[in-house]
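Structure first, commentary second.
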Amino acid sequence: MALKVTRREADYIKIVYEKSVEEQHKVTSGIIAKEVGVRTPTVIEVLWKLKKRKLVSIGKAGEITLTKRGLKLAEVIIRKHRILETYFVKELNLDLTFACKESSNVDYLLSSEVMDKLCSILGNPCNCPHGKPIPYKGKINEV
Ligand SMILES: [Zn+2]
């Protein structure tokens with residue numbers, strides 16, 4: 001996907017995906033603020049940018065959900081994050097916390113083409129080292 005986001009936007013999208021889609025929890029700006037360690041007004045500012053780009057919806061009670069477009073972007077970034085993390089842990093023997101941090105520094109920047117190749121070298125794993133599912137397995141382009 002050619003959609004460009006900033007590091008902060010990618011982080012927020014991943015949090016909304018993990019909390020709302022994977023854990024089925026209600027997500028608010030306060031929850032994101034707590035997760036990333038910034039003040040709520042800062043989170044709201046970024047969320048409005050994401051809303052303007054039609055990546056998230058903000059409900060009346062402040063509930064944040066991903067739009068169809070946002071969901072697809074989240075899956076793409078999460079996929080990259082988890083493939084990289086798998087590589088760092090399996091092949092480089094990095095500690096999982098460190099691997100996760102390093103992945104977040106670059107996951108949103110790398111192309112799907114490179115990540116698909118890395119994924120296939122790793123044997124198209126189903127889960128990341130955290131045990132969470134890697135979206136699309138080896139076939140992202142079919143989506
Ligand atoms: Zn991680």
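Worth pointing out:
- Looking across region 64-108 at every residue that is surrounded by 14 or more Cβ atoms within 10 Å (Cβ to Cβ) and of a type in the set (S, T, N, Q), the one that is nearest to E9 (Cα to Cα) is identified as S104.
- Any chance L55 is at pLDDT 95 or above and within 16 Å of the ligand (Cβ to nearest atom): no
- Residues (exposed (fewer than 14 other Cβ atoms within 10 Å of the Cβ) and outside any loop (DSSP other than H, G, I, E, B)) located in region 46-56: W48, K52
- Region 85-129, residues that are more than 21 Å from R7 (Cα to Cα), among the charged types (D, E, K, R), part of a helix (DSSP H, G or I) and within 16 Å of the ligand (Cβ to nearest atom): K90
- If the condition is being within 18 Å of E23 (Cβ to Cβ) and within 16 Å of the ligand (Cβ to nearest atom), then region 58-78 contributes A74, E75, I77, I78.
- Condition broken by V43, with the remaining ones in (1) hydrophobic (A, V, I, L, M, F, W, C); (2) closer than 25 Å to G131 by Cα; (3) in a helix (DSSP H, G or I) satisfied: (2)
The values are calculated or read from the model by the stated rules, or taken from the named source; none is laboratory data. All values derive from a computational prediction rather than experimental measurement. Glycine also receives a Cβ, built like all others from the backbone with ideal geometry; neighbour counts cover every protein chain displayed.
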